[in-house]
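The next block holds one structure in the form of structure tokens; read it before the comments.
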Amino acid sequence: MTDTPSLPKPSRRAFLKGSAVAAGALAAGRAAASGPDPMITEVQPWAQYLGDGVDAVPYGMPIRFESHVVRRNVDWLTADVISSINFTPIHALEGTITPQGCAFERHHSGAIELSKQDYRLMINGLVDQPLVFTYADLERFPRSVHTYFCECAANSGMEWGGAQLQGAQFTHGMIHNMEYTGVTLRTLLEEAGVKPEGKWIYIEGADASSNGRSIPLEKALDDVLVAFYANGEALRKEHGYPVRLVVPGWEGNLWVKWLRRIEVTDGPTESREETSKYTDLMPDGRARKWTWVMDAKSIITSPSPQAPWRQGPGPMPITGLAWSGHGKITRVDVSVDGGKNWQEARLAGEPGSMALTRFYFDHVWDGSEMMLQSRAIDETGYVQPTKDQLREIRGLNSVYHNNGIQTWWVKANGEAENVEVS
Amino acid sequence: MSKCRKLLLATAVASVAATPALAERLGIGRAALPEELDAWNVNIMPNGDGLPEGSMSVEDGESAFVDNCAMCHGDFAEGLDNWPPLAGGRGTLTADRPLKTVGSYWPYLSTVWDYVHRSMPFGNAQSLTPDEVYGITAYILYSEGLVDYDFVLSKENFTEVRLPNEDGFYVDDRIEAEFPLFTGEPCMTECKAEVEVTLRAADLNVTPTDEEGHPVGTIPDFTVAAAGAVATDAVEEASAEDAAEGEEDVAEAAEAHDPELVAAGERAFRQCSACHQVGEGAQNRVGPQLNGIIGQPAGQVDGFRYSPALMTKAEEGLVWTEENLAELLEKPRDFIPGTRMSFAGFRDPDDVAAVTAYLKTFSE
């Protein structure tokens, strides 16, 4: 579908039902003012006095009216906040780029402060020449710029047992999407010279957890980035300043922060993070391992439980995000009746590969209850499944990789609830 | 030109010739030194590659475990609070609530050794000797019933120990097992007869809520006239008036129990809560429980094993006051050289004041 918004038309359902309220509202077109609006008729302070000068805030923060748009965690999820996770406020963001300041955090031993002066990157193992790079060294390599989503494998993991958390931030907020600047890992590996017996790499961070993971060499030489910048500025501390790994389309745990070492090996290290964690327990008691790719998924961000619709019946842009670790999103369908009938949504802009895509469904709401769902389709032809389809194969205890279709029950007052439907 | 640099160039030239497919090298960086490789190249492979010399018995390992691990994982590796159990759970992987431990789930013993060595104890990583890591690994095996109490784990016999769930994993098969089911033109109309609500998050009610009962982070209602802006300004003006009328009263009340400062302290205390508990039912963990800490002589909490460094201070008559607690919180290792407290200290003095105020609310 093209990115040209057509004028919202009354839904087929609104026509068929022809409810008095909906028909009346649509016929009247727009509300009348109950009297002159003082915001217009009276001179307001901001139109009379002066605002802040330049330099009032050398590095700006969002205006105070947006103070609700912050990362949040759920206390009971983890034992403490050092080895923990919080969630991006996706319900309150628009477009596709996630500002660093509210992009979700996942630390295993806390967010450390590592300066560019103290930063070292080692490449060792099955290479012709083990090398050490300083940050200044890394700046000499040719750079490239790419936008990718980073999704924690456990995103939506609390929803395996059934609808649990109220809000897109909590059900789907372990994701962010940034424009990265960095050096391809391939460039660095070629500088050290990979020996023919090298088949995997092992990567680790400089923090106390080290969060070591193994990646097949094929992926390492394909599109992995060693990134220094996100969204045009240095990485934030909580995102791995000064250097993190970017592993497009693959689970966030592989995106090692404060990257300090890359070892070329002949096999996987089978570290704690790829055996006891980030493996998916199946109903027969065995577990899938190396489930790296994030399958196609989508979520309606507004309306949603933290983004209730307060404007009443009439035009209502239903919007959300879609993404796939296998490439580009080609289509998103939206249902307002719990998956009984579907309509194609409009994709905003040109979808990027392994990046968030914004979709809009330009609805005209008749004020009746809705069961909102979205369904992503990617360039491989994969169609986002329902949660029950996933449960049928994976049971309830696989923790990770829940990409099932989400349902929001939108009530007549515009408030929404996280539910599951038959 | 240094010898090292010559060697690097020679190697680079040789291998570029040997692998013509690779791009031309740029000569950036320097050769890693053997000492540097020894320091960082410490990951252990499933076949035991990378293990250093060393050994320890289960018995000695138990002591090391109790000293370094039990405060979170329990004396018997059973796990305390939300911290992970390390033993038990065999036969539960198909149950409703599987318990995934070293014995029930982990495939390789190398992973245990590697993780304990590099990332544990939480808050004091890389502080254990190889012998201690062998001992702690041996004790975990013992607590799972996989070895006897007289067992000694060493580099030599390491790979003889196999974990029960080694064969419990298979490589991701989603492409074969799931993609065919989830591919193809999806249904668009009349895809099902009935749509009934089967599960509701509202029934569980586990999402944190704001003052109005909405999920936290709910977008404020801006369809009503400028309520937020007016209300905030009004509050600011009112409090400014109050302050002007009775500055002394306000200052006094704030000092006794400033709710904002205490709330800030509660937030800042999260940095402490990995190791310290405070409040009703607080127990000793990595660090002692902190009820009534201000005014208390140092080193007096029942059942906590303090560092010799702290006990020396205690014997010298250290009593915790707001002032010396603030010094400790700024730089623990400067205040008590040799303390086991692994926290680096608060950078922001406001956090120190806030945490002190917070702790004061838990006087016994």
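Any read-out appearing in this document is the output of simple, stated calculations on the displayed coordinates, not a laboratory observation. Because the structure is predicted, anything quoted here is derived from the model rather than measured. When we count neighbours, we look across all protein chains shown, and the Cβ atoms used for this are built from the backbone with ideal geometry, even at glycine.
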(message) Let's see if you can work this out: charge +1 on each Lys and Arg Cβ, -1 on each Asp and Glu Cβ, no other charges. What is the dipole magnitude of chain A about its Cα centre, in debye to the nearest 20?
(response) 600
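Between beta-carbons, use under 11 Å as the cut-off and find the net charge around A:GLY338, counting Lys and Arg +1, Asp and Glu -1.
Working: positive: A:LYS340, B:LYS192; negative: A:ASP337, A:GLU369, A:GLU420, B:GLU194, B:GLU196.
Neighbourhood net charge equals -3.
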(message) Name the residue from A:GLY314, A:GLN44, A:HIS326 whose Cα lies farthest towards the positive end of the charge dipole of chain A, charges +1 on Cβ of Lys and Arg and -1 on Cβ of Asp and Glu.
(response) A:GLY314
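Based on the Cβ-Cβ distance from A:ILE40 to A:ASP362, what FRET efficiency comes out when R0 is 41 Å, to the nearest 0.05? Kindly include the intermediate steps, with their values, before the conclusion.
Numbers: r = 28 Å, r/R0 = 0.69.
In this case the efficiency is close to 0.90.
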(request) Place +1 on the Cβ of every Lys and Arg and -1 on the Cβ of every Asp and Glu in the range A:341-422, take the dipole about the Cα centre, and give the residue among A:ALA348, A:LEU390, A:GLY367 whose Cα lies farthest towards its positive end. (result) A:LEU390
(request) Would you list which lysines come within 25 Å of A:LYS387, measuring only between C-alpha atoms, while excluding same-chain residues fewer than 8 positions from it? (result) A:LYS277, A:LYS289, A:LYS297, A:LYS328, A:LYS340, A:LYS411, B:LYS100, B:LYS192
(message) With only alpha-carbon atoms in the gyration tensor, what are the semi-axes of the equivalent ellipsoid for the range B:289-364, in Å, largest first?
(response) 19, 16, 10
(message) What does DSSP give for chain A in terms of the percent of beta bridges that are antiparallel, rounded to the nearest 5?
(response) 95
(request) Give the long-range amide H neighbours of A:GLY125: residues separated by 5 or more places, or on another chain, with amide H under 5 Å away, using H modelled in the peptide plane at 1.01 Å from N. (result) A:VAL264
(message) So if I place +1 on the C-beta of Lys and Arg and -1 on the C-beta of Asp and Glu, and nothing else carries charge, what would the dipole magnitude of the protein assembly as shown be about its Cα centre? I want it in debye, nearest 20.
(response) 3040
(message) On the principal axes of its Cα set, how long, how wide and how thick is the protein assembly as shown? Give whole Å, largest value first.
(response) 85, 75, 60
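Based on the Cβ-Cβ distance from B:GLU330 to A:GLU113, what FRET efficiency comes out when R0 is 25 Å, to the nearest 0.05? Before the final figure, lay out the partial values.
Working: r = 16 Å, r/R0 = 0.66.
Given R0 = 25 Å and the Cβ-Cβ separation, E is 0.95.
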(request) Taking a cut-off of 20 Å between Cα atoms, list the lysines near A:LYS195, but don't count ones fewer than 8 places away on the same chain. (result) A:LYS219
(request) Using a Förster distance of 30 angstrom, determine the FRET efficiency expected from the C-beta separation of B:THR321 and A:SER83, and round it to 0.05. (result) 0.40
(request) Report, in whole Å, the centroid distance computed from the Cα atoms of the range B:269-308 and the range A:143-204. (result) 39
(request) With a/c under 1.5 counting as rounded, go ahead and sort the range A:249-300 into rounded, prolate or oblate using the C-alpha gyration tensor (a ≥ b ≥ c being the square roots of the eigenvalues; past the cut-off, prolate if a/b is larger than b/c, else oblate). (result) oblate
(message) Checking the cross-link filter: which aspartates and glutamates have an alpha carbon closer than 18 Å to that of B:LYS313, excluding same-chain neighbours under 8 positions apart?
(response) B:ASP302, B:GLU322, B:GLU323, B:GLU327, B:GLU330, B:ASP334
(request) Amide H neighbours of B:THR198 under 5 Å, at least 5 residues apart or on other chains, H built in the peptide plane: list them. (result) A:GLU420, A:VAL421, A:SER422
(message) Using the Cα centre of the range A:152-213 as the reference point, and only Cβ charges (+1 on K/R, -1 on D/E), how large is the resulting charge dipole? Debye, rounded to the nearest 20.
(response) 160
(request) Divide the volume of the convex hull of the Cα atoms of chain A by its number of residues and quote the answer in cubic angstrom per residue. (result) 171
(message) Can you find, among B:LEU310, A:GLY125, B:ALA357, the residue sitting farthest towards the positive end of the charge dipole of the protein assembly as shown, where Lys and Arg contribute +1 and Asp and Glu -1 at Cβ?
(response) A:GLY125
(request) For n ≥ 4 DSSP H runs only, could you compute -39500 (n - 2.57) per run for chain A, divide by its residues and tell me the 222 nm figure to the nearest 500? (result) -2500 deg cm²/dmol
(request) List the extent of the Cα atoms of the range A:339-395 along each of their three principal axes, largest first, rounded to whole Å. (result) 38, 30, 15
